[in-house]
Amino acid sequence: MCRLFGLTAAPHRVHASFWLLEAPDSMAQQSRRNADGTGLGYFEPDGRAVLDKEPVAAYEDRAYTREARHVSSTTFVSHVRLASTGGRTRENCHPFAMDGRIMAHNGAIGDLPTLEAELGEALGAVHGDTDSERMFALITARIAANGGDVGDGIADAAGWIADRLPVYSINLILATAGELWALRYPETHELYILLREAGGTHGMRPLHGQSATLRVHSEHLARHPSVLVASEPLDEHPDWRQLESGELIHVDGDLHVDSRQAIDHPPAKSMQVSYLHHPSAEH
């Protein structure tokens, strides 16, 4: 299973080193179980999306370690990839960027020819072989069709996929420079959210110190609240909450969180686990 991580502290720019590399179950530790590729997406002060991704494991990738420790942003999206059969290329690694947005996906969908036919000219935005990037292209097109409303675009695209294509999972995190969205669908894989207050409360290790198991360098997160989304809880904080199947959450530029049921029915065509080992399966 691939792993997703998203963080927003908007409107503040923060360092994400604690959450990406130094939490008890950090993305780097998870990559030892998901070793086909890593990626980190973030935003420059002018809002430009930046991708740093390679088809190697995070714990072996010195560039990944350097970026995770030293890059600051208002929002981050990180992904560790487990490829069933898809090529280990940079183009196939998550996250992806389109129209100033960054997205990463955990799961798989089938019948890509039908999806490509639906995309039409929007297929030109796709550079790799994955279903994930094609799904992002569909989301991007549906955002435009919905007047730029990102939440409506995600719900529209996800509903179309659920009603027409074989679906294993379309868990995703999508971010702009100031906002973040996350969708869990269906119940195949877990996805959690944490609304974290400033100061490291609820029994967390101090944000300025160290223990036998970690060293914390997260001064900004000590001063500012943040919202995290991850495939599994990264620490012992009691407020991690699992999203419901079909739940779409939106974190705005002031860290207000809204939730809605984007899809209220199971996929019309459920994909079996065995599909992920078929030569045509890429995610």
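The values are calculated or read from the model by the stated rules, or taken from the named source; none is laboratory data. Here the structure is a predicted model, which means the values were calculated and not measured. Glycine also receives a Cβ, built like all others from the backbone with ideal geometry; neighbour counts cover every protein chain displayed. Accessible surface areas use protein heavy atoms only, side chains included; no ligands, DNA or RNA. Shrake-Rupley method; radii C 1.70, N 1.55, O 1.52, S 1.80 Å.
List of remarks:
- Residues satisfying the criterion are absent from the stretch 215-225 (criterion: out of contact with any Ser or Thr (no Cβ under 6 Å at 6 or more places or on another chain), modelled with pLDDT of 95 or more and part of a strand (DSSP E or B)).
- Test result for S274, at pLDDT 55 or above and of a type in the set (S, T, N, Q): yes
- The conditions of being at pLDDT 60 or above, open to solvent by less than 10 Å² (accessible area, probe 1.4 Å) and hydrophobic (A, V, I, L, M, F, W, C) are met by A57.
- Residue pairs meeting the criteria (Cβ under 9 Å; at least 6 apart or on separate chains; first open to solvent by 10 Å² or more (accessible area, probe 1.4 Å), in the stretch 227-242; second of a type in the set (D, E, K, R) and assigned to a loop (DSSP other than H, G, I, E, B)): E232/D25; E232/E190; P233/D25; D235/D25; D235/R205; W240/E232; Q242/R184; Q242/E190
- Filter result for E116 (outside any loop (DSSP other than H, G, I, E, B), open to solvent by 20 Å² or more (accessible area, probe 1.4 Å) and either in contact with a Ser or Thr (Cβ under 6 Å, 6 or more places away or on another chain) or acidic (D, E) (or both)): yes
- Scanning the stretch 169-184 for residues that are touching an Asp or Glu at 6+ places or on another chain (Cβ under 6 Å) and surrounded by fewer than 23 Cβ atoms within 10 Å (Cβ to Cβ) turns up just one, E179.
- Once the stretch 29-42 is narrowed to residues that are touching a Lys or Arg at 6+ places or on another chain (Cβ under 9 Å) and part of a strand (DSSP E or B), the residue that is modelled with the lowest pLDDT is G37.
- Among (1) of a type outside the set (S, T, N, Q); (2) touching a helix residue (DSSP H, G or I) at 6+ places or on another chain (Cβ under 8 Å); (3) modelled with pLDDT of 95 or more - the single one H283 does not satisfy: (3)
- Selection status of L119, of a type in the set (A, V, I, L, M), more than 20 Å from the chain's Cα centre (by Cα) and more than 18 Å from S78 (Cα to Cα): yes
- Test: residue in the stretch 145-168 that is modelled with pLDDT of 95 or more, under 23 Å from S73 (Cβ atoms), surrounded by fewer than 19 Cβ atoms within 10 Å (Cβ to Cβ) and more than 17 Å from the chain's Cα centre (by Cα): yes
- Residue match in the stretch 263-270 (condition: closer than 19 Å to V77 by Cβ and surrounded by 17 or more Cβ atoms within 10 Å (Cβ to Cβ)): no
- Pairs are defined by a Cβ separation below 9 Å, a sequence spacing of at least 6 or placement on different chains, a first member in the stretch 257-283 that is closer than 19 Å to D163 by Cα, and a second member that is outside any loop (DSSP other than H, G, I, E, B) and at pLDDT below 85; no pair meets this definition.
- Qualifying residue in the stretch 96-108 (condition: open to solvent by 10 Å² or more (accessible area, probe 1.4 Å) and either at pLDDT below 95 or part of a helix (DSSP H, G or I) (or both)): no
- Look at (1) out of contact with any helix residue (DSSP H, G or I) (no Cβ under 7 Å at 6 or more places or on another chain); (2) closer than 19 Å to V251 by Cα and you find that A198 fails only one, number (1).
- Here H202 fulfils each of the conditions (1) modelled with pLDDT of 95 or more; (2) under 27 Å from E232 (Cα atoms); (3) surrounded by fewer than 24 Cβ atoms within 10 Å (Cβ to Cβ) apart from (1).
- Residues located in the stretch 148-184, provided they are assigned to a loop (DSSP other than H, G, I, E, B), on the phi < 0 side of the Ramachandran plot and of a type outside the set (D, E): L165, T176, A177, G178, R184
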